[in-house]
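Read the figures in this text as sums done on the coordinates, not as results from a lab. For clarity, every value in this text was computed on a predicted model and none was experimentally measured. Ideal geometry is used to build each Cβ from the backbone, glycine not excepted, and the neighbour counts take in all protein chains shown.
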Amino acid sequence: MARYAAPLADIRFALYDVLDVDEQYVENGWPGLTSPAEFGGQEMPQVLGAAVKEMLDSANLAWSNFPLLSHGATEALLRHGEDWQREAFLKPIVAGRWTGTMCLTEPHCGTDLGLLKTKAEPNADGTHRISGTKIFITAGEHDFTENIVHLVLARLPDAPAGVKGISLFIVPKFKVGRDGRLGERNALACGAIEHKMGIKGSATCTMNFDGAEGWLIGAPNKGLNAMFTMMNTARLAVGLQGLALIERAYQNALAYARTSRPIP
């Protein structure tokens, strides 16, 4: 698998060209490679998707983080979403017109999700008002797509304490109705860009939710179970990132050894 990474890596994505790269990626149908045909995907085997992802990661790991989270959101919606949610949210994600995120971590609790404070207040129309702050959100804000679908962990008013009282909500950047139509800008925003040692071309954001409209996905107080569907997908993807970086490092080292000069 790894030895075929070179041709794609030779594209040498530059940051100022990344929007054009994203458009080509979408136009050629790559976002839906392994997604169900029912929602516009090509339904190819996951092993093929892994091979393609390794090549993308070798070429530009920063940019490939954006479709990574979309794939995880797709899996979570497929397994835990209601029929109308899969229809309204999955089709544009699979088509590459929207992207997804995973919103778990909060400033005060880090990985201890039992201390999570983000609130979800029910509305009469079946939606919820989501209020709280999440940090380290990969692809939390960008201009690649017309909408961003945040999957957010939060607590309902009567939720039990600890991890047994966490629910999962779909909170889009622009509101989405049951008919799939886009509405007005939702009450959420990127508060800051996280400072990192590397992968600086990937937007890692602090996201503030100020009574944003969201929809419950899965059963109340079972959000962590649903979120682990997305997390396990991401774990496999991060493992592929390691393989892809090893492959690119090997290519660079081999080129240097043969020519005494590094490739650009």
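Each residue of the range 140-153 is assigned a 3J(HN,Hα), and the resulting list reads x, 8, 5, 10, 5, 10, 7, 8, 10, 9, 8, 9, 10, 7 Hz, derived from the Karplus form 6.51 cos²θ - 1.76 cosθ + 1.60 (θ = phi - 60°), x at Gly and Pro.
Taking the DSSP beta bridges with both ends in the range 2-259, the antiparallel portion is around 80 percent.
Given +1 at the Cβ of Lys and Arg, -1 at the Cβ of Asp and Glu and no other charges, the dipole of the range 115-264 around its Cα centre is 500 debye to the nearest 20. The angle separating the long axis of helix 223-259 from the principal Cα axis of greatest extent in the chain is about 10 degrees.
Amide H to amide H, with H built 1.01 Å from N, Thr138 comes under 5 Å of Met102, Cys205, counting only residues 5 or more places away or on other chains.
Taking all Cα pairs closer than 8 Å and separated by 6 or more residues, the relative contact order of the chain comes to 21 percent. You can think of it this way: the chain between Asp158 and Leu236 has 24.6 nm of extra reach, that is 0.36 nm per residue less the Cα-Cα gap.
Length available on full extension from Asp20 to Glu146: 0.36 nm per residue minus the Cα-Cα distance, which gives 43.9 nm. Whole-Hz Karplus values for the range 114-120 come out as x, 8, 4, 10, 4, 9, 10 Hz, taken residue by residue from phi with 6.51 cos²θ - 1.76 cosθ + 1.60 and θ = phi - 60°; glycine and proline positions read x. Calculate the FRET efficiency for Ile193 and Asn28 from the Cβ-Cβ distance with a Förster distance of 35 Å, rounded to the nearest 0.05. After rounding to 0.05, the efficiency reads 0.75.
Loop-resident trypsin sites (Lys or Arg not before Pro) (DSSP state other than H, G, I, E or B) in the range 72-106 with no more than 12 further Cβ atoms inside 10 Å of their Cβ are absent. Taking the Cβ-Cβ separation of Ala249 and Glu82 as r and a Förster radius of 45 Å, what is the calculated FRET efficiency to the nearest 0.05? Given R0 = 45 Å and the Cβ-Cβ separation, E is 0.55.
The relative contact order of the range 61-189 comes to 24 percent, based on Cα pairs under 8 Å that sit 6 or more residues apart. Basic side chains Lys and Arg get +1 at the Cβ, acidic Asp and Glu get -1 at the Cβ, and with that the dipole of the range 2-259 about its Cα centre reaches some 620 debye.
Can you find, among Leu243, Ser131, Met207, the residue sitting farthest towards the positive end of the charge dipole of the chain, where Lys and Arg contribute +1 and Asp and Glu -1 at Cβ? Checking the options against the dipole of the chain, the answer is Leu243.
With respect to the chain, whose longest principal axis is taken over its alpha-carbon atoms, helix 46-59 is tilted by about 60°.
In the range 2-259, a dipole from Cβ-located charges (positive for Lys and Arg, negative for Asp and Glu) runs towards its positive end, and of Leu19, His71, Trp30 it is His71 whose Cα lies farthest in that direction. Taking the chain as a Gaussian network of alpha-carbon nodes connected by springs under 10 Å, the highest mean-square fluctuation of the residues Asp22, Asp179, Asp125 belongs to Asp125. The angle between the Cα long axis of helix 61-80 and the longest principal axis of the Cα atoms of the chain comes to about 40 degrees, rounded to the nearest 10. By the rule of a C-alpha distance below 17 Å, with chain neighbours fewer than 8 residues away ignored, the lysines paired with Lys196 are Lys134.
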